[in-house]
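Structure first, then comments.
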Amino acid sequence: MSGRVAGIARHARPRAPMEVIDHATVTFAGGIQGDYRGAMKGKPYKRQVTLIEASDWATAQDLVGHNIAWQERRANLLAEGIDLPQRPGARLRVGTALLEVTRETDPCERMEALAEGLRAALTPDWRGGVCTMVVEEGEVAVGDTIRIEA
């Protein structure tokens, strides 16, 4: 099963606005290069790169009656045409990088600040996305394939 990268975003510091970019380097030390969250301390850091399915974001938007840009979810990668695995240990080839799912991305209070009910709309069925850690460094660009490897 495969899909594609429909968007890439990062933020340079806590609470900074998300910067939408068209390509990025993915590293062991920093996740998406230039992203504050991916470079946080701790070995191994289990939230280096986050992904959300475009269809899950659209569903959540429909439930709350809003049309908020995907990057406001504060995920790093927008995945399109793929059902992301909902199990720790699953591996995703994204561009030339290899990522391992570590856990669900829990929706936080910031989602509720965007739209009433958004946090609850993102809660079921891992709709808020997946957290991953970097297994192999590489490059990722909008349009690249996302493939489940294991």
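The values are calculated or read from the model by the stated rules, or taken from the named source; none is laboratory data. Just so you know, these numbers come straight off a predicted model, no measurement behind them. Every residue, glycine among them, receives a Cβ derived from its backbone with ideal geometry; neighbour counts consider all protein chains shown. Quick note on the areas: whole protein, heavy atoms, side chains included, nothing else; ligands and nucleic acids left out. Shrake-Rupley method; radii C 1.70, N 1.55, O 1.52, S 1.80 Å.
Some observations on this one:
- Kirkwood's formula applied to the C-alpha pairs of region 60-150 gives a hydrodynamic radius of 14.0 angstrom.
- Peptide ranges 91-99, 138-146 listed from the most packed, as the mean C-beta count within 10 angstrom indicates: 91-99, 138-146
- Heavy-atom surface of region 31-130, accessible at 1.4 Å and reported per residue (Å²): 46 Å²
- Shape class for region 100-150: prolate, because the ratio a/c of the largest to smallest gyration tensor axis (alpha-carbon atoms, square roots of eigenvalues) is 1.5 or more and a/b beats b/c.
- Spatial separation of Cα centroids for region 1-73 and region 136-150, in angstrom: 14 Å
- Simple spin-label estimate for E149 and V20 in nanometres, 7 Å along Cα-Cβ: 2.9 nm
- Axis angle, to the nearest 10 degrees, between helix 54-64 and the longest C-alpha principal axis of the chain: 20 degrees.
- Positive-end extreme of charge dipole, the chain - chosen from A97, A69, I82 (charges on Cβ): A97
- Modelled this way, with points 7 Å down the Cα-to-C-beta line, the labels at A39 and E139 are 2.1 nm from one another.
- Stretched out straight at 0.36 nm per residue, the stretch from E109 to M1 would grow longer than its current Cα-Cα span by 35.6 nm.
- The accessible surface of region 48-150, taken with every protein chain in place and a 1.4 Å probe, is 46 percent carbon and sulfur.
- In the chain, helices alone account for a calculated mean residue ellipticity at 222 nm of -4000 deg cm²/dmol, with every DSSP H run of four or more residues adding -39,500 (n - 2.57).
- The trypsin sites (Lys or Arg not before Pro) of region 1-90 meeting both criteria, a DSSP state outside H, G, I, E and B (loop) and at most 12 other C-beta atoms within 10 angstrom of the site's C-beta, are R15, K41.
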